[in-house]
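Scroll down for the structure; my scribbles are underneath it.
The values are calculated or read from the model by the stated rules, or taken from the named source; none is laboratory data. For clarity, every value in this text was computed on a predicted model and none was experimentally measured. Neighbour counts are summed over all protein chains in view; Cβ atoms, including those assigned to glycine, are modelled from backbone coordinates with ideal geometry. Note: accessible area is taken over every heavy atom of the protein model, side chains too, but ligands, DNA and RNA are not part of it. Shrake-Rupley method; radii C 1.70, N 1.55, O 1.52, S 1.80 Å.
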Amino acid sequence: MTWMQAVIICAAVCVAAAERRFPEGFKFGAATASYQVEGAWNVSDKGENIWDRFVHSRPEAISDRSTGDVACDSYHRWQEDIQLLVDMNVDFYRFSISWSRLLPTGFSQRVSADGARYYGDLIDGLLAKGIEPIVTLYHWDLPQPLQDLGGWANPMISDWFADYARVAYNLYGDRVKTWVTINEPTVICDIGYNNLIAPGLESEGRGSYLCTKHVLLAHAKAYRLYERDFKPKYQGQVSLTNHMMWFEPATEQDVELTELVKTLSIQRYCHPIFSSEGGWPPALERYIAEKSREEGEPRSRLPPFTQEEKEMLRGSYDYLGLNHYTTRTVRPAAPGEHIGTHLFDGFKELGVVLGAKPEWPTTMSHWFMVHPEGLRALLVSMKQQYGDVPIFIMENGLSDTGADLDDQPRVDYYRSYLEQVLLAIEDGVRVVGYTAWSLLDNFEWMDGYQSRYGLHHVDFSSELRTRTARRSARYYAAVARTKDIHAQYQFNKTNTVKGV
Ligand code: GAL
């Protein structure tokens, strides 16, 4: 190579490195979920859902004993939310439909006119501003009447979900081109059946696996329905999104165990849909069958798929959705060691305790440590396992106390995680979009309002639920506009916000 060639190559690389720009067509957006922001829990004919029931009947389950009864009041203030999105230059807004707002009984024979109008107005309002709506059908707020019939443990639920999906596709399919059927099966099933979040049942390793199977089938039925009846006219895309932590072995001895953890936590939900052979991941299927036998169970606690179900699930995606926040270390529990029941403390099924490296910064969510490199490793592993599938990051963000509008650590979090996304793209992973969690501070499930993820601060003590941009909102607006993670932006902390 001549020195001139070297200079040219170096110049190209150096410019690229200085800019760190996402490719043309890459989309940026922000997300929320119905129960976390809407409030208006009993307005009009909305039905009760499992979160309404959970927070009202078990206030002690929420750390500050708060509820989502009013939350950000986005049911009334959605136009303000749209303005925030406009100010952030985002391409899309990911929000969810509250099943019981649209179908008050949970069943599809009665559609709420008020619910249909609310989401229709929101969708039209977004489109009028050039923001694409990305709609999640299920973000954890199951209609209570369906829970009373067994919820996700009842095999009929996949049909009820598909009926609901049909109503939503019929109402909004002409305007919504990206659908997320289910948000985070692992949280719905593994945490919902670990007595920590709604519906607050205790059936780990049994109810949780029934739930896993039926959640996946519900997704597949909603996917096939769209594919058959709606895709030909609307050409939209449908998939689901799962919560994927990344895992690293605590020591060299824990490498194999770490692979098994990935099988339980990530592949259990991916293999049936994204692998070429379909069905449960074989290593996991063997492990649980063997363990069930040892425990004297008449059959495996992991319910099998029929051949027909396997076929319906296999390939039921147009993109791979993933939500990512953290990386955890894996080690075996010591003999007799208690494996905590709190979110992501460990996996009793595998006798595994999760930890973290001391150098990974902690956050306001006790399960969440900052390790950006984990996101790149996760993205690369998805490509290695499932091929060249388009990957849509449906959530990523940082929790803090919310105390400071000048949230530099959140800016650093976004920049460092986005840099890892860029590196994964350079590794050849087809990442097509990125979603910041969250547009707003909101009801953070069992942490109530104590843990804040918002690009915008919300004053929950004011009736107006005043929204104020944090530094991170200004940074993200610059990234969305330029696609450059080092983009310049202005932030003046001019407003002093009550409670900040
Ligand atoms: C995800 C969930 C969101 C949000 C976020 C931060 O698991 O989908 O609703 O709460 O975590 O904890």
Counting only residues in the range 334-387 that are in a strand (DSSP E or B) and β-branched (Val, Ile, Thr), the one nearest to VAL431 (Cα to Cα) is identified as THR362
Candidates GLY454, GLY428 - the one that is modelled with pLDDT of 95 or more and at positive phi:
GLY428
Within the range 437-449, identify whether any single residue is touching a helix residue (DSSP H, G or I) at 6+ places or on another chain (Cβ under 7 Å) and assigned to a helix (DSSP H, G or I), and answer yes or no.
yes
Options ALA33, ALA71, ALA61: the member that is touching a His at 6+ places or on another chain (Cβ under 7 Å) and either modelled with pLDDT under 95 or of a type in the set (Gly, Ala, Ser) (or both)
ALA33
Just to be sure I understand, how many residues within the range 284-300 are within 16 Å of GLY351 (Cβ to Cβ), open to solvent by 30 Å² or more (accessible area, probe 1.4 Å) and not hydroxyl-bearing (Ser, Thr, Tyr)?
4
Name the single residue, out of those in the range 171-198 being buried (at least 23 other Cβ atoms within 10 Å of the Cβ) and part of a loop (DSSP other than H, G, I, E, B), that is nearest to the ligand (Cβ to nearest atom).
GLU184
Tell me, please, whether a residue that is charged (D, E, K, R), open to solvent by less than 10 Å² (accessible area, probe 1.4 Å) and touching a Lys or Arg at 6+ places or on another chain (Cβ under 8 Å) can be found in the range 105-125.
no
Going through the range 27-66 one residue at a time, which ones are crowded, with 17+ Cβ neighbours inside 10 Å, away from the ligand (no atom under 16 Å from the Cβ) and assigned to a loop (DSSP other than H, G, I, E, B)?
ALA40, TRP41, LYS46, GLY47, GLU48
Within the range 88-107, does at least one residue satisfy the condition of being of a type in the set (Asp, Glu) and in a helix (DSSP H, G or I)?
no
Looking at (1) in a loop (DSSP other than H, G, I, E, B); (2) of a type outside the set (Gly, Ala, Ser); (3) in contact (Cβ under 8 Å) with a residue 12 or more places away in the chain; (4) open to solvent by 10 Å² or more (accessible area, probe 1.4 Å), find the lone condition where CYS72 falls short.
(4)
Name the pairs: first residue in the range 444-469 and over 22 Å from VAL411 (Cα atoms) and open to solvent by less than 10 Å² (accessible area, probe 1.4 Å), second residue acidic (Asp, Glu) and more than 11 Å from the ligand (Cβ to nearest atom), Cβ to Cβ under 7 Å, at least 6 apart or on different chains?
GLY448/ASP64
Within the range 397-425, restricting to residues that are surrounded by fewer than 16 Cβ atoms within 10 Å (Cβ to Cβ) and among the hydroxyl-bearing types (Ser, Thr, Tyr), the one that is farthest from the ligand (Cβ to nearest atom) is SER416
Taking the range 348-368 and keeping only residues that are over 17 Å from the mean Cα position of the chain (by Cα) and either within 16 Å of the ligand (Cβ to nearest atom) or open to solvent by less than 10 Å² (accessible area, probe 1.4 Å) (or both), one is left with VAL352, LEU354, THR362, THR363, MET364, HIS366
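Going through TYR226, TYR269, TYR209 one at a time, which residue ends up being open to solvent by less than 50 Å² (accessible area, probe 1.4 Å), out of contact with any strand residue (DSSP E or B) (no Cβ under 7 Å at 6 or more places or on another chain), touching a residue at least 60 places away in the same chain (Cβ under 8 Å) and outside any loop (DSSP other than H, G, I, E, B)?
TYR209
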Scanning the range 328-373 residue by residue, those among the β-branched types (Val, Ile, Thr) and under 24 Å from ILE288 (Cα atoms) turn out to be THR329, VAL330, ILE339, THR341, VAL352, VAL353
Does the range 388-396 include one or more residues that are assigned to a loop (DSSP other than H, G, I, E, B), more than 13 Å from the ligand (Cβ to nearest atom) and not hydrophobic (A, V, I, L, M, F, W, C)?
yes
When the residues of the range 450-476 are filtered to those that are within 16 Å of the ligand (Cβ to nearest atom) and part of a strand (DSSP E or B), which remaining residue is farthest from ASN195 (Cα to Cα)?
HIS456
Give me the residue from the range 333-347 that is surrounded by 15 or more Cβ atoms within 10 Å (Cβ to Cβ) and over 22 Å from the mean Cα position of the chain (by Cα) and, out of that set, nearest to LEU398 (Cα to Cα).
ILE339
Counting only residues that are over 19 Å from MET88 (Cα atoms) and aromatic (Phe, Trp, Tyr), which one in the range 429-449 is farthest from the ligand (Cβ to nearest atom)?
TYR449
Failed condition for ASN195, given (1) under 30 Å from GLY340 (Cα atoms); (2) modelled with pLDDT of 95 or more; (3) out of contact with any helix residue (DSSP H, G or I) (no Cβ under 8 Å at 6 or more places or on another chain); (4) among the polar types (S, T, N, Q), with all others met?
(2)
